[in-house]
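Colleague: Dumping the structure here so I can ask a few things about it.
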Amino acid sequence: MSLRNSLTLDKQEVTELLDNGTPYVIRFKMPEDRVVEMHDEIRGRVEVNTQVLDDKILFKSDGMPTYHLANIVDDHLMEITYVIRGEEWLPSLPLHVLLYEAFEWEAPVFAHLPLLLKPDGKGKLSKRDGDRLGFPVFPLQWTDPKNGEVSLGYREDGYFPEAFINMLALLGWNPGDEREFFTLEELVDTFSLDKVSKSGARFDQDKAKWFNHHYLVDKSNEELAQLFRPILDEKNINPGQKDIPYIIGLVKERVNFVQELWEQSSFFFLAPEEYDSKTVKKRWKTDSFTQMTELKNVLVQIDEFTSENTERTVKNWIEQKEYGMGMVMNAFRLLIVGAAKGPHLFDIIAVIGKEETLKRIDLGLNILGKKETVN
RNA sequence: GCACCGUUCGUCUAGUCAGGUCAGGACGCCAGGUUUUCAUCCUGGUAACACGGGUUCAAAUCCCGUACGGUGUACCA
């Protein structure tokens with residue numbers, strides 16, 4: 001089967017068709033049998049025989065150039081020296097090289113980057129995979145102007161720009177040593193095409209989270225407090241005199257994202273509304289009611305309600321009474337936090353203050369009551 | 001189908017060009033330690049050279065083949 005064009009038609013037919021305004025395209029006449037030698041910065045020498053290439057369309061029937069032509073002309077005019085693009089363009093490279101050659105233009109250096117693969121299964125990552133698996137594939141949230149479809153973005157998911165960039169840079173590239181944290185500036189200095197790997201890289205959400213955790217912990221408490229404040233507003237929390245940066249400092253190592261800060265710090269602002277049933281079962285024992293009642297009396301007498309002071313006093317009391325440290329502290333934590341989580345308990349009660357601490361003990365004592373028997 | 005590209009722990013990868021330490025690191029996972037809880041943190045562990053030939057004293061590394069995978073094969077980019 002051959003093309004019906006100026007090469008296969010005789011001159012008169014061609015003129016006739018042209019005069020009649022018959023739509024036509026302009027193609028690149030591919031050399032018959034030639035081995036095109038190309039160089040890719042990442043893959044090295046690549047060869048392909050023109051026999052397997054067809055006469056590509058350069059101008060569409062509407063007169064507009066195709067990507068292939070426009071790309072070469074545009075890059076040449078802009079004096080582009082490096083073309084760095086995804087591996088899916090590699091099969092088009094011979095055409096592009098031949099086009100530069102036909103124009104007698106100097107071709108730029110080409111580098112074809114490995115593809116980002118979907119986390120499960122095979123194939124390159126697509127927007128649909130993100131929607132399906134619940135993670136973003138775009139750096140920023142994006143709305144398709146055509147159909148209004150919204151795609152998730154890493155920024156909107158709570159990833160820091162520096163964490164995202166760091167994570168992405170290491171997908172398909174590495175510095176050749178064991179460093180793995182890079183600022184943008186360091187990447188600019190360190191990145192080189194010859195360290196780019198050839199095979200596709202699968203995105204790993206766990207590692208992305210780990211990067212974010214690293215950068216989050218690295219940020220100052222003040223900066224994180226600024227980011228956390230809108231969340232408090234949203235929850236209608238009035239922090240009063242509470243030192244938000246200090247609180248952030250106590251909990252930031254336990255989270256990967258700013259938005260997770262709330263569930264790790266809500267008890268600094270609100271008394272428990274319910275008590276985690278598993279923790280109750282495990283930590284609220286027969287003696288707990290009595291011990292907590294006694295503890296309350298101990299705490300009432302402390303004037304300087306600092307972390308160090310309450311800790312010393314409470315521990316002395318526990319030793320004196322020969323109660324179990326774990327026994328008392330876990331029950332105490334349950335009353336203050338409502339669950340078996342959170343930072344150093346004495347730090348927590350120092351923040352919420354003596355009055356609130358006593359209130360929460362009363363509240364818990366009322367709700368949990370006295371456990372009569374051990375089952 | 002054809003062409004091109006690729007293939008080291010579950011994942012990201014070092015090592016391959018200039019063959020020669022029990023194949024190294026990180027994430028994850030597991031165990032132990034620290035701790036009043038959870039998390040962090042520390043220590044340890046788990047786990048890979050796709051397969052088959054060849055070259056060589058010696059192959060993850062060089063050569064050939066096979067398998068598998070990816071991409072491309074649009075008047076898209």
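The values are calculated or read from the model by the stated rules, or taken from the named source; none is laboratory data. The model shown is predicted, which means the values in this text are computed figures rather than measured ones. Cβ: placed from backbone, ideal geometry, glycine included. Neighbour counts: every protein chain shown. The area values use the complete protein model at the heavy-atom level, side chains included, leaving out ligands, DNA and RNA. Shrake-Rupley method; radii C 1.70, N 1.55, O 1.52, S 1.80 Å.
Colleague: Please go through region A:19-52 and pick out each residue that is of a type in the set (A, V, I, L, M), open to solvent by less than 90 Å² (accessible area, probe 1.4 Å) and not in a strand (DSSP E or B). Give the derivation first.
Modeller: Taking region A:19-52 first, the residues of a type in the set (A, V, I, L, M) are A:25-26, A:30, A:35-36, A:38, A:42, A:46, A:48, A:52.
Restricting the remaining residues to those that are open to solvent by less than 90 Å² (accessible area, probe 1.4 Å) gives A:25-26, A:30, A:35-36, A:38, A:42, A:46, A:48.
Those that are of a type in the set (A, V, I, L, M), open to solvent by less than 90 Å² (accessible area, probe 1.4 Å) and not in a strand (DSSP E or B): A:V25, A:M30, A:I42.
Colleague: Has region A:93-115 got any residue that is within 9 Å of RNA strand B (Cβ to nearest atom), in a helix (DSSP H, G or I), charged (D, E, K, R) and open to solvent by 60 Å² or more (accessible area, probe 1.4 Å)?
Modeller: So far as region A:93-115 goes, no, none of its residues is within 9 Å of RNA strand B (Cβ to nearest atom), in a helix (DSSP H, G or I), charged (D, E, K, R) and open to solvent by 60 Å² or more (accessible area, probe 1.4 Å).
Colleague: Then there's this: Identify all residues within region A:122-156 that are open to solvent by less than 50 Å² (accessible area, probe 1.4 Å) and either out of contact with any Leu (no Cβ under 7 Å at 6 or more places or on another chain) or within 16 Å of RNA strand B (Cβ to nearest atom) (or both); write none if there are none.
Modeller: A:G123, A:L125, A:S126, A:D129, A:G130, A:G134, A:F135, A:V137, A:D144, A:G148, A:S151, A:Y154 - these are the residues of region A:122-156 that are open to solvent by less than 50 Å² (accessible area, probe 1.4 Å) and either out of contact with any Leu (no Cβ under 7 Å at 6 or more places or on another chain) or within 16 Å of RNA strand B (Cβ to nearest atom) (or both).
Colleague: Would you please list the contacts, defined by Cβ atoms under 8 Å and residues six or more apart or on different chains, that run from a residue in region A:10-28 that is among the hydroxyl-bearing types (S, T, Y) to a residue that is part of a helix (DSSP H, G or I)?
Modeller: A:Y24/A:L17; A:Y24/A:L18
Colleague: Another question about this same structure. When only residues in region A:259-293 that are among the β-branched types (V, I, T) and more than 15 Å from RNA strand B (Cβ to nearest atom) count, which is surrounded by the fewest Cβ atoms within 10 Å (Cβ to Cβ)?
Modeller: So the first thing to find is which residues in region A:259-293 are among the β-branched types (V, I, T), and the list is A:279-280, A:286, A:290, A:293.
Among the residues that remain, those that are also more than 15 Å from RNA strand B (Cβ to nearest atom) are: A:286, A:290, A:293.
On the way: A:T286: 12, A:T290: 10, A:T293: 13.
Within region A:259-293, the match that is surrounded by the fewest Cβ atoms within 10 Å (Cβ to Cβ) is A:T290.
Colleague: Of (1) surrounded by 10 or more Cβ atoms within 10 Å (Cβ to Cβ); (2) under 41 Å from the mean Cα position of the chain (by Cα), A:L7 satisfies all except one. Which?
Modeller: (2)
Colleague: For A:F211, state whether it is over 18 Å from the mean Cα position of the chain (by Cα) and part of a helix (DSSP H, G or I).
Modeller: For A:F211, the condition - over 18 Å from the mean Cα position of the chain (by Cα) and part of a helix (DSSP H, G or I) - is not met.
Colleague: Let me ask you something else. Under the condition of being aromatic (F, W, Y) and farther than 24 Å from A:P239 by Cα, which residue from region A:262-317 is nearest to the chain's Cα centre (by Cα)? Spell out the reasoning first.
Modeller: Going through region A:262-317, the residues aromatic (F, W, Y) turn out to be A:262, A:267-269, A:275, A:284, A:289, A:305, A:317.
Filter again for farther than 24 Å from A:P239 by Cα, leaving A:284, A:289, A:317.
Values: A:W284: 40, A:F289: 45, A:W317: 48 Å.
Here the answer is A:W284.
Colleague: Just a yes or no: is a residue in region A:160-181 exposed (fewer than 13 other Cβ atoms within 10 Å of the Cβ), more than 16 Å from A:G86 (Cα to Cα) and either more than 8 Å from RNA strand B (Cβ to nearest atom) or within 10 Å of the chain's Cα centre (by Cα) (or both)?
Modeller: The answer is yes; a qualifying residue exists.
Colleague: Let me ask something else about it. Taking helices (runs of 4 or more DSSP H) that do not extend beyond region A:230-307, which have at least 2 residues that are within 20 Å of A:G338 (Cα to Cα) and of a type in the set (D, E, K, R)?
Modeller: Details: elements: A:244-251, A:261-265, A:277-283, A:288-300.
The qualifying helices (runs of 4 or more DSSP H) are A:277-283, A:288-300.
Colleague: Further question on the same structure: Taking the residues in region A:1-18 that are assigned to a loop (DSSP other than H, G, I, E, B) and among the hydrophobic types (A, V, I, L, M, F, W, C) as candidates, determine which candidate is nearest to RNA strand B (Cβ to nearest atom).
Modeller: Residue satisfying both the conditions and the ranking: A:L3.
Colleague: Could you figure out which of (1) open to solvent by 40 Å² or more (accessible area, probe 1.4 Å); (2) farther than 21 Å from A:H112 by Cβ; (3) more than 8 Å from RNA strand B (Cβ to nearest atom) isn't true of A:T81?
Modeller: (2)
Colleague: Still on this structure, please answer the following. Restricting to region A:201-252, and then to whatever is among the aromatic types (F, W, Y) and within 15 Å of RNA strand B (Cβ to nearest atom), can you tell me which residue is modelled with the lowest pLDDT?
Modeller: Among those that are among the aromatic types (F, W, Y) and within 15 Å of RNA strand B (Cβ to nearest atom), it is A:F203.
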